[in-house]
Amino acid sequence: MNIFRLTADMTHLMSVIVLLLKIHTIKSCAGISLKTQELYAIVFTCRYLDIFTDFISFYNTIMKVIFLWTSFSIVWYMRYHKIVRRSYDKDQDTFRHVFLMLPCLVLALLINERFTFKEVMWTFSFYLEAVAILPQLVLLQRTRNIDNLTGQYIFLLGAYRALYILNWIYRYVTEPNYVHWIPWMSGLVQTLLYGDFFYYYFLSWKNNVKLQLPA
Amino acid sequence: VANISSKDEL
């Protein structure tokens with residue numbers, strides 16, 4: 001495990017903690033897209049199908065459990081918690097899951113490392129993760145007021161994949177036979193989707209003003 | 001061809 005990979009995982013973990021902090025302390029999910037959160041729950045379910053069959057390390061298993069558990073609890077809070085669910089902007093969060101999931105599934109069936117159920121699901125999870133942020137970005141554009149925790153959550157989520165790119169470069173250079181085109185390409189697309197957001201995030205940080213995306 | 005067994009990333 002290299003420093004880029006560890007930092008990436010910790011950034012991912014921090015993004016989840018920031019979101020849960022918002023939900024637990026402010027009892028609010030305002031500005032958060034349930035569609036994106038549901039897509040993440042699907043992403044981790046499909047990717048971690050090997051959790052019971054392939055033991056990699058204690059760290060690996062624990063992190064998988066954390067990402068599965070937190071993604072489903074966030075969805076539960078947003079849908080069913082009697083206070084939290086009231087702050088959900090249902091009318092603004094209109095992106096349809098199927099328009100993201102169907103093309104990803106077709107692509108996973110066509111382009112994969114091996115045509116088995118587990119492999120196709122693993123591949124599908126990467127394609128879907130790459131675009132899962134789109135409902136959130138659309139919601140962000142529509143929401144005029146982006147609170148600090150929401151901004152930080154999305155920044156950390158984007159930073160996590162960007163750091164994974166450094167990890168992939170590092171591993172490609174240092175490890176023989178380390179080639180994973182599917183995570184690389186979808187990870188690159190995923191990071192590029194954050195480009196616009198990063199730009200405005202840094203601008204607001206530099207000028208010390210509240211984050212606002214142009215209409 | 002990728003090494004299928006090296007899926008140690010999250």
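Where a number appears in this text, it was derived from the coordinates with a stated rule and is not lab data. Note that this is a predicted model, so its numbers are computed, not measured. Glycine also receives a Cβ, built like all others from the backbone with ideal geometry; neighbour counts cover every protein chain displayed.
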- Note on the structure: Here the Kirkwood hydrodynamic radius of the range A:59-148, Cα-based and in Å, equals 15.5
- Would you mind finding the longest exposed-site-free stretch of chain A, with exposed trypsin sites (Lys or Arg not before Pro) meaning DSSP loop and at most 10 other Cβ atoms within 10 Å? A:1-81
- Message: Compute the helix-to-body angle for A:195-206: its Cα long axis versus the longest principal axis of chain A, expressed 0 to 90° and rounded to tens.
- Response: 50
- For chain A, count the residues as N, evaluate 2.2 N^0.38 Å, and divide the Cα radius of gyration by that value, please. 1.02
- Task: Return a whole-number percent for the relative contact order of the range A:27-186, with Cα pairs under 8 Å and 6 or more residues apart as the contact set.
- Result: 33
- Message: Quick check: the angle from helix A:97-110's long axis to the longest principal axis of chain A, C-alpha only, nearest 10 degrees?
- Response: 10
- Task: Taking each pair of different alpha-carbon atoms in the range A:130-200 once, compute 1/r for the pair, average those values, and report the inverse of that mean as the Kirkwood hydrodynamic radius in Å to one decimal.
- Result: 13.3
- Query: Which one of A:37, A:141, A:190 has the biggest mean-square fluctuation once chain A is modelled by GNM with Cα springs under 10 Å?
  - Reply: A:141
- Message: Connecting C-alpha atoms closer than 10 Å in a GNM of chain A, tell me which of A:103, A:135, A:176 has the biggest fluctuation.
- Response: A:176
- What is the log10 of I(q)/I(0) for the range A:92-215, computed with the Debye formula using one identical point scatterer on each Cα and no solvent, at q = 0.09, 0.11 Å⁻¹? -0.32, -0.47
- Three semi-axes of the equivalent ellipsoid, the range A:1-119, Cα gyration tensor, whole Å, largest first: 27, 21, 12
- Message: Under 17 Å between alpha carbons, and skipping anything fewer than 8 positions from residue A:64 in its own chain: which lysines qualify?
- Response: A:118, B:7
- Message: I'd like the distance separating the alpha-carbon centroids of the range A:11-44 and the range A:147-215, in whole Å.
- Response: 17
- Exposed-loop-free span, longest in chain A, where chymotrypsin sites (Phe, Trp or Tyr not before Pro) count as exposed if DSSP calls them loop and at most 15 other C-beta atoms lie within 10 Å: A:116-177
- Percent relative contact order of the range A:87-165, based on C-alpha pairs within less than 8 angstrom and at least six residues apart? 30
- Per residue of A:176-183, other chain Cβ atoms within 10 Å number on average 3
- Task: Could you work out how far apart the two model spin labels at residue A:61 and residue A:175 are, taking each label as a point 7 Å from the Cα in the direction of the beta carbon, and quote it in nm?
- Result: 2.0
- Message: Cut-off 10 angstrom, C-alpha nodes, Gaussian network model of chain A. Which of A:51, A:154, A:133 fluctuates the most?
- Response: A:51
